[in-house]
Amino acid sequence: MRRLERTYSGTERIVARARFSAWAFLREFFIAALLGGIIAVLWIFAPDIERLLDPGFSGQPAYLTPEVLKWAMLGAGCFVILLTVLHALSIYMQEIIITEDKFLYRSGVGSSVNVMLPLSEIRYIDVRQNLLQLLLGYGQIKVITDGEEPFVIKNLVRPEKFARRIMRQCSDVRENIRPRLQLSPAKKH
């Protein structure tokens with residue numbers, strides 16, 4: 001059980017939880033492919049590249065040697081692994097729960113962001129998905145309120161379904177808050 005759930009499950013009923021998508025790691029995959037591709041091109045065309053850069057080229061690469069390119073490949077791999085671990089940590093540290101009357105969001109690795117918002121203050125939720133995200137079933141939401149500046153939460157699984165659930169709960173809260181008009185019987189003169 002996550003931190004927000006532990007804190008609120010004993011005192012309030014949790015209506016919904018957000019899930020974050022592993023497809024968000026496509027960015028790291030593309031970075032790894034790009035860096036690997038660049039190093040592969042350098043490896044294959046090392047003599048031609050050095051010939052372009054050095055007019056006194058002797059025929060054997062002096063700077064783009066296989067040994068140097070192996071270290072470059074190792075460095076690129078470590079860089080991608082570090083990016084992946086940091087991204088995984090940031091996604092793992094995010095948590096969203098909806099109780100009967102509150103929207104709770106927690107995020108952060110080094111410094112944290114905690115948002116506790118009454119559902120009655122949420123006006124609407126903007127769901128954004130590009131074509132790839134639409135196909136893979138994840139996206140982002142932007143929570144729009146009366147007074148606060150909107151905030152964006154990325155990499156949610158089925159963001160449109162989660163947004164509908166939040167707005168349904170917001171409607172329920174507003175229905176319970178609105179004063180009910182009671183008609184009194186007409187007075188007889």
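Descriptive notes on the structure:
- Subset of the stretch 103-114 [more than 12 Å from Leu4 (Cα to Cα) and either in a strand (DSSP E or B) or not polar (S, T, N, Q) (or both)]: Gly108, Val109, Gly110, Ser112, Val113
- Arg106 in contact with a Ser or Thr (Cβ under 9 Å, 6 or more places away or on another chain), in contact (Cβ under 8 Å) with a residue 12 or more places away in the chain and either among the charged types (D, E, K, R) or not assigned by TED's automatic domain parsing to the domain that holds Ile14 (or both): yes
- Residues located in the stretch 138-158, provided they are touching a Gly at 6+ places or on another chain (Cβ under 9 Å) and within 16 Å of Ile122 (Cβ to Cβ): Leu156
- Of the residues making up the stretch 123-159, those that are in a helix (DSSP H, G or I) and surrounded by 15 or more Cβ atoms within 10 Å (Cβ to Cβ) number 3.
- Test: residue in the stretch 28-42 that is in contact with a Phe, Trp or Tyr (Cβ under 9 Å, 6 or more places away or on another chain), closer than 28 Å to Leu131 by Cα and among the aromatic types (Phe, Trp, Tyr): no
- For the stretch 91-130, taking the residues that are of a type in the set (Gly, Ala, Ser) and over 20 Å from Arg158 (Cβ atoms), the one that is modelled with the highest pLDDT is identified as Ser120.
- Looking at the stretch 1-100, the helices (runs of 4 or more DSSP H) lying wholly inside it that each contain 3 or more residues that are among the hydrophobic types (A, V, I, L, M, F, W, C) sit at 26-44, 46-53, 66-92.
- Number of residues in the stretch 1-56 that are among the polar types (S, T, N, Q) and touching a residue at least 12 places away in the same chain (Cβ under 8 Å) equals 1.
The values are calculated or read from the model by the stated rules, or taken from the named source; none is laboratory data. All values reported here derive from a predicted model rather than from experimental measurement. Please note: Cβ atoms are built from the backbone with ideal geometry, for glycine as well, and neighbour counts cover all protein chains shown.
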